[in-house]
Each structure stands twice: as C-alpha cells, then as structure tokens.
1. Would you mind finding the one in 108, 70 that is touching an Asp or Glu at 6+ places or on another chain (Cβ under 7 Å) and open to solvent by less than 90 Å² (accessible area, probe 1.4 Å)?
2. Considering only the stretch 17-31, state which residues are open to solvent by 90 Å² or more (accessible area, probe 1.4 Å) and without any contact (Cβ under 8 Å) to a residue 24 or more places away in the chain.
3. Given the options 57, 73, name the one that is under 21 Å from residue 14 (Cβ atoms), modelled with pLDDT of 95 or more and of a type in the set (Asp, Glu).
4. Taking the condition open to solvent by less than 70 Å² (accessible area, probe 1.4 Å), within 29 Å of residue 97 (Cβ to Cβ), of a type outside the set (A, V, I, L, M, F, W, C) and part of a helix (DSSP H, G or I), does residue 52 pass?
5. Any chance you could count how many residues in the stretch 58-70 are in a helix (DSSP H, G or I) and on the phi > 0 side of the Ramachandran plot?
6. Residues that are modelled with pLDDT of 95 or more, hydroxyl-bearing (Ser, Thr, Tyr) and closer than 30 Å to residue 101 by Cβ: does the stretch 26-49 have at least one?
7. I'm checking my understanding of the structure. Among residues of the stretch 36-64 that are over 8 Å from the mean Cα position of the chain (by Cα) and aromatic (Phe, Trp, Tyr), which one is nearest to residue 107 (Cα to Cα)?
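The values are calculated or read from the model by the stated rules, or taken from the named source; none is laboratory data. Because the structure is a prediction, the values reported are computed rather than measured. Glycine also receives a Cβ, built like all others from the backbone with ideal geometry; neighbour counts cover every protein chain displayed. The area values use the complete protein model at the heavy-atom level, side chains included, leaving out ligands, DNA and RNA. Shrake-Rupley method; radii C 1.70, N 1.55, O 1.52, S 1.80 Å.
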Amino acid sequence: MTQQGFGKEEIDSACDQIRQTCERVERSLDELGGPWILGGQYTLIDAQVTPSIDRMDDLGYDTIWQDLELMSDWWEDIKARPSYEAAFYFTSRLSEKFPEYFKTAAELKEERGY
C-alpha cells in the first residue's frame, strides 16, 4: 500500500479472491438447494462470509457477484435477517460513519484509472 492506497495488482487480486468466494457460494447454493450456503439451515459459514460481502457491498464492489443469481439471492436473504440489521446498524459502515472521506470503488477507479 502507498499513500495513494493499494495498487492495481493488489486490488485485482483481492477482487479475484472475493469472486472465487462468491463462485463457491453460488455452487454450494446450487448443489445443496439453499437458501443458505449449506442448504436449509443458516450456519456459521453464512455468518462468516457475511462481513466480507457486506464490506465489499459498502465499498461498491457488489458488481463482483451481480451476475451470480443464487449468490445475489443469498445476499438479499442475509440482509433481510433481523440479525443482519442488529450487526450492521446505521454508522457501523465506514461509508456511513465518515461519508466526507468515503469514496466508492467506481469513484476511486475513475480517479486512479484502475
């Protein structure tokens, strides 16, 4: 990381890793029938994946999984849970807590060119 933030290679690598996670979630939802990653019951796996996906969503990287229908449905189901609202209350995200300093992925990409 530099004073200007992460470089293109680091950002691309992180996005690739998140995409791989989303593809694994998609496959599991398809193979096990959902609505949760391991099938019919919400488990610790859903709880462990949620913060990373929430962070990516907050940063504007939700385009990573928008073409994955089951993953997108899972994300909407997660956000509909009462526990999600309790855990990710207003101002728990950097975009809400420090809006004057926050830039989305699209804004940063436009600024930096990557």
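1. One residue alone meets the criteria, 70.
2. 17, 20, 24, 27, 31
3. So the residue among 57, 73 that is under 21 Å from residue 14 (Cβ atoms), modelled with pLDDT of 95 or more and of a type in the set (Asp, Glu) is 57.
4. Spelling it out, residue 52 is indeed open to solvent by less than 70 Å² (accessible area, probe 1.4 Å), within 29 Å of residue 97 (Cβ to Cβ), of a type outside the set (A, V, I, L, M, F, W, C) and part of a helix (DSSP H, G or I).
5. 0
6. No, the stretch 26-49 contains no residue that is modelled with pLDDT of 95 or more, hydroxyl-bearing (Ser, Thr, Tyr) and closer than 30 Å to residue 101 by Cβ.
7. Among those that are over 8 Å from the mean Cα position of the chain (by Cα) and aromatic (Phe, Trp, Tyr), it is 36.
For every residue, the table says whether it meets (1) of a type in the set (Val, Ile, Thr); (2) in contact (Cβ under 8 Å) with a residue 24 or more places away in the chain; (3) part of a helix (DSSP H, G or I).
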{"site": "41", "(1), (2), (3)": "no, no, no"}
{"site": "56", "(1), (2), (3)": "no, yes, yes"}
{"site": "72", "(1), (2), (3)": "no, no, yes"}
{"site": "86", "(1), (2), (3)": "no, no, yes"}
{"site": "89", "(1), (2), (3)": "no, no, no"}
{"site": "100", "(1), (2), (3)": "no, no, no"}
